[in-house]
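Written below as structure tokens is the structure these notes are about.
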Amino acid sequence: MTDKTMSADEAVARLESGMTLGIGGWGSRRKPMALIRALLRTGITDLTVVSYGGPDVGMLAAAGRIRKLVAAFTTLDSIPLEPHYRTARERGAFELMEIDEAMFLWGLHAAANRLPFLPVRAGIGSDVMRVNPGLRTVTSPYDDGETFVAMPALRMDAALVHVNRADRRGNGQYLGPDPYFDDLFCAAAETAYISCERIVDTAELTKEAAPQTLLIPRHTVTGVVEAPNGAHFTSCAPDYARDEAFQRHYATTPWPEFAERFLTGDEHAYRSAVRAWHEGDGAERREKEERP
């Protein structure tokens, strides 16, 4: 069987400017941040990003890499609106297709099944049609004659997702409470690259976990990247929780300053910089917050 393992830099080297890029996860949960950091080390730009947005969108927007965003929201969860996304959006830095969460889901389903669109009730009676004048409606050909939004397929050139475990062939396993539609991202894209906390032998994937945790089948995966702590600073349950202290730092620090301190080197340099922050500025900040 094919060994699909590669480094994060090798994975993003297969991406190109102008692509439509899907990013898995949800808000500030199990985002493929090691792959996003690797992408930021390249000159790739002019992207159409499809994401249930979190800091992946915030960082790419702040770095000026997004031409168009397709999203239902962009949040850090404990911080309702992603601040770097908001700054970029307020200055009109990119085009936005903002849709209902269910519309987004069925757009993924349509693309995964190679359909041009799927009819959905979500969006009817809301401003989604007004803010997205390109959307169309369809009428049921049956006796009910109901009108639906014709949600177009969210086709993607490539997808990036992060899971708990994977094997070298591309089978991906999640061990947390919610799969966040990452299997649909992989199925809907022409190519898909999964990062994981740990690469294991295929037999180990179901040794201590139910078969239902095998979220991503190998035939939808192009490359596998072993990236311990690769979702940081987002969560990757049950392996680790969100790094709330560092997320607050990210959210309150001007982008040039944050990028200079944490994103100018490779992944090893990032981890070292985060560790140094926790031992220094982070520890001081926690001490201030804990004072009565």
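The values are calculated or read from the model by the stated rules, or taken from the named source; none is laboratory data. What you are looking at is a predicted structure, and each value in this text was computed from that prediction instead of being measured. Here the Cβ is made from the backbone with ideal geometry for all residues, glycine too, and neighbour counts use every protein chain on show.
Data overview
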{"quantity": "Residues within the range 227-241 that are crowded, with 19+ Cβ neighbours inside 10 Å and in a strand (DSSP E or B), tallied", "calculated": "2"}
{"quantity": "Wholly enclosed strands (runs of 3 or more DSSP E) of the range 124-192 bearing at least 1 residues under 30 Å from residue 240 (Cα atoms) and at pLDDT 95 or above", "calculated": "156-166"}
{"quantity": "Lone unmet requirement of (1) under 27 Å from residue 216 (Cβ atoms); (2) assigned to a helix (DSSP H, G or I) for residue 118", "calculated": "(2)"}
{"quantity": "Residue among 210, 187 that is out of contact with any Lys or Arg (no Cβ under 8 Å at 6 or more places or on another chain) and closer than 17 Å to residue 21 by Cβ", "calculated": "187"}
{"quantity": "Close pairs from the range 202-214: first on the phi < 0 side of the Ramachandran plot, partner surrounded by 15 or more Cβ atoms within 10 Å (Cβ to Cβ) and of a type in the set (Gly, Ala, Ser), Cβ under 8 Å, at least 6 apart", "calculated": "214/172"}
{"quantity": "Per-region count, the range 20-53, residues touching a strand residue (DSSP E or B) at 6+ places or on another chain (Cβ under 6 Å) and surrounded by fewer than 18 Cβ atoms within 10 Å (Cβ to Cβ)", "calculated": "1"}
{"quantity": "Filter result for residue 231 (among the hydrophobic types (A, V, I, L, M, F, W, C), touching a residue at least 40 places away in the same chain (Cβ under 8 Å), under 24 Å from residue 50 (Cβ atoms) and not assigned by TED's automatic domain parsing to the domain that holds residue 48)", "calculated": "no"}
{"quantity": "Yes/no for residue 168 being surrounded by fewer than 23 Cβ atoms within 10 Å (Cβ to Cβ), of a type in the set (D, E, K, R) and under 26 Å from residue 212 (Cβ atoms)", "calculated": "yes"}
{"quantity": "Residue match in the range 245-262 (condition: under 30 Å from residue 20 (Cβ atoms), buried (at least 20 other Cβ atoms within 10 Å of the Cβ) and touching a Lys or Arg at 6+ places or on another chain (Cβ under 9 Å))", "calculated": "yes"}
{"quantity": "Lone unmet requirement of (1) in contact (Cβ under 8 Å) with a residue 40 or more places away in the chain; (2) surrounded by fewer than 17 Cβ atoms within 10 Å (Cβ to Cβ); (3) among the hydroxyl-bearing types (Ser, Thr, Tyr) for residue 174", "calculated": "(2)"}
{"quantity": "Which numbered condition residue 219 fails, given (1) surrounded by 16 or more Cβ atoms within 10 Å (Cβ to Cβ); (2) farther than 22 Å from residue 72 by Cβ", "calculated": "(1)"}
{"quantity": "Residue list for the range 171-200, filter: aliphatic (A, V, I, L, M) and over 19 Å from residue 238 (Cα atoms)", "calculated": "184, 187, 188, 189, 192"}
{"quantity": "Filter result for the condition that a residue is touching a residue at least 24 places away in the same chain (Cβ under 8 Å) and over 20 Å from residue 186 (Cα atoms), over 38, 63, 111, 71", "calculated": "63"}
